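Chemist: Sharing a structure, written as C-alpha cells. Questions coming.
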Amino acid sequence: MAKGDLLGRIDCETCGTKDGMRITEDKNGDPFGYCDARCHQQKRIGGRNEVDRERVEAFYKKYPHVRRPGTVTDTGSEIPVTVPDTVPGPKKSGKASALEIFGVTG
C-alpha cells in the first residue's frame, strides 16, 4: 500500500453522506479526509506537536478501520535514558584568550 492509497471511508461530518469522505494519507503520513460525495469538505487531522498527535490517535480510536495495516500506536512506555550530572562546556583551545592573559575575569 503506497501513500495516497485509500485507507477507508467515513461518514462526512459536514453533509452527512454515509461513507462520503475518503481517508488517505497526507505527505507526512497522517490521515486526511476529502468528501467526494457532495460537499468537497477537507478534513486535516495530523500535525507535528503533541496535541496534534493526540488528535490523530483520537481519530484512529473513533475510526479504527482506516488505520494503515501494521501501524503501531504509542504505548506511553518510556525507555530509561542515562543523563550526565554535568553538561560539558565549550572546549578551550590550547591558546589562552586575550582576557585571560590580562587577568580579566567574567
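Rule-based calculations on the coordinates, nothing more; no lab input. Remember, it's a predicted structure, so these values are computed and weren't measured experimentally. A quick note on method: Cβ atoms are made from the backbone with ideal geometry, for glycine too, and the neighbour counts reach across all protein chains shown.
Chemist: Using only Cα atoms, figure out Rg for the range 8-66 and give it as a multiple of 2.2 N^0.38 Å.
Modeler: 1.08
Chemist: Could you sort the peptides 49-58, 13-22 by per-residue average Cβ neighbour count (10 Å cutoff), highest mean leading?
Modeler: Descending packing order for the listed peptides: 13-22, 49-58.
Chemist: Over the range 8-66, what is the relative contact order in whole percent, taking alpha-carbon pairs under 8 Å and six or more residues apart?
Modeler: Dividing the mean separation by the residue count of the range 8-66 yields 24 percent.
Chemist: Sort 30, 11 so that the residue with the fewest other Cβ atoms within 10 Å of its own Cβ comes first and the one with the most comes last.
Modeler: Fewest-to-most Cβ neighbours within 10 Å comes out as 11, 30.
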